[in-house]
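Engineer: My structure is below; once you've seen it, I'll send some questions.
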Amino acid sequence: LVIPVLDLLDGQAVHAVRGRRDDYRPIRSLLAATSEPLALAPALVAASAARTLYIADLDAILARGDHVRTLAALRAAMPNVEIWLDAGFADYASMRAMFARIDEADGSSEPAQRARLAPVFGTESLRESTALAAALADGLAPILSLDYRAGKLVAATACASELERNALCWPARVIAMTLDQV
């Protein structure tokens, strides 16, 4: 199973460099002549024959904007792909608000004609331990990302650290993200 990743920063798909976000530059790929996400994402999914695409909205994670319009357009362009969205969700309310804004930006298409969104809650941003359970209760399929740098968990709060030790609180899907190996 291959899950391709698209990192978005400043309106471009970027090449991640060991989690050092200041060093990220627009990606150059044989898959598309541009680093424009709407051109690159479908090409990446097609090349890997994936049915899932992980998108990290780095502007949202860094709290300096987001890619709501791009995400809405990607959902409409790839209706048969599940999008795992990591946008630095601190809690359930922030995730719900962003999902609502994406739905609003993509108001022209029916829900059945849009890619399904799955929220990724990363320990580097998560501040509310109940967010995963709330997303699950809302009919979503949340994903927990245990974020590590230099072998240590990157945790926004103690509740995120507790998640690492308590697998009973984990959702069905968990990512072990080693940021300095990205």
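Engineer: Quick one: grab the alpha carbon gyration tensor of region 1-106, order the square roots of its eigenvalues as a ≥ b ≥ c, and give me rounded if a/c is under 1.5, else prolate or oblate depending on whether a/b is larger than b/c. Before the final figure, lay out each step's value.
Structural biologist: On the way: a/c = 1.66, a/b = 1.17, b/c = 1.42.
The shape class here is oblate.
Engineer: Now a separate question. Please list Glu82, Glu104, Glu128 in order of solvent-accessible area, largest first, computed with a 1.4 Å probe with all protein chains present.
Structural biologist: Listed by decreasing accessible area, they come as Glu104, Glu128, Glu82.
Engineer: Multiply the residue gap between Leu62 and Val5 by 0.36 nm, knock off their C-alpha separation, and tell me the result in nm, one decimal place.
Structural biologist: Result for the pair: 18.7 nm of gain on full extension.
Engineer: A follow-up question, please. Pulled fully out, how much extra length does the chain show between Ser48 and Asn80, if you take 0.36 nm times their separation in residues and subtract their Cα-Cα distance?
Structural biologist: Result: 10.1 nm gained on full extension.
Engineer: Oh, and also: Using the Karplus curve 6.51 cos²θ - 1.76 cosθ + 1.60 with θ = phi - 60°, what ³J(HN,Hα) values do you get for each residue of region 52-57, in whole Hz, with x for Gly and Pro?
Structural biologist: Couplings: 9, 10, 8, 10, 9, 8 Hz.
Engineer: As an exercise, use a Förster radius of 35 Å and the Cβ-Cβ distance of Arg69 and Ala158 to find the FRET efficiency, rounded to the nearest 0.05.
Structural biologist: The value I calculate is 0.50.
Engineer: Grab the DSSP H runs of the chain that are 4 residues or longer, score each as -39,500 (n - 2.57), total them, divide by all residues and round the 222 nm result to the nearest 500 deg cm²/dmol.
Structural biologist: Calculated mean residue ellipticity at 222 nm is -8500 deg cm²/dmol.
Engineer: Can I ask one more? Rounded if a/c is under 1.5, else prolate if a/b is larger than b/c, else oblate: which is the chain, with a ≥ b ≥ c the root eigenvalues of its Cα gyration tensor? The partial results should precede the final answer.
Structural biologist: Details: a/c = 1.68, a/b = 1.22, b/c = 1.38.
Note, shape of the chain comes out oblate.
Engineer: Taking the Cα-to-Cβ direction at Cys169 and at Arg101 and moving 7 Å from each Cα, how far apart do the two end points lie in nm?
Structural biologist: If labels sit at Cys169 and Arg101, their model points lie 2.7 nm apart.
Engineer: Hey, another quick one. Mind ranking Cys159, Cys169 by accessible surface for me, highest first, 1.4 Å probe?
Structural biologist: These residues rank, largest area first, as Cys169, Cys159.
Engineer: Of all accessible surface on the chain at a 1.4 Å probe, what whole percent is carbon and sulfur?
Structural biologist: Working: 4780 of 9130 Å².
Solvent-exposed carbon and sulfur of the chain make up 52 percent of the total.
Engineer: With each label point set 7 Å from Cα along the Cα-Cβ vector, what nm distance links Ala33 and Ala176?
Structural biologist: Spacing of the two 7 Å Cα→Cβ label points: 4.3 nm.
Engineer: How large is ³J(HN,Hα), in whole Hz, for each residue of region 60-75 in order, when computed from phi with the Karplus curve 6.51 cos²θ - 1.76 cosθ + 1.60 and θ = phi - 60°, using x for Gly and Pro?
Structural biologist: Karplus-based 3J(HN,Hα) across region 60-75 equals 5, 4, 7, 6, 9, x, 6, 10, 4, 5, 5, 4, 5, 5, 5, 4 Hz.
The values are calculated or read from the model by the stated rules, or taken from the named source; none is laboratory data. In this text, all values refer to a predicted model and were calculated from it rather than measured experimentally. Here Cβ is always computed from backbone atoms with ideal geometry, including for glycine, and neighbour counts include all displayed protein chains. When the accessible area is computed, the model is the full protein with side chains, heavy atoms only, and any ligands, DNA or RNA have been set aside. Shrake-Rupley method; radii C 1.70, N 1.55, O 1.52, S 1.80 Å.
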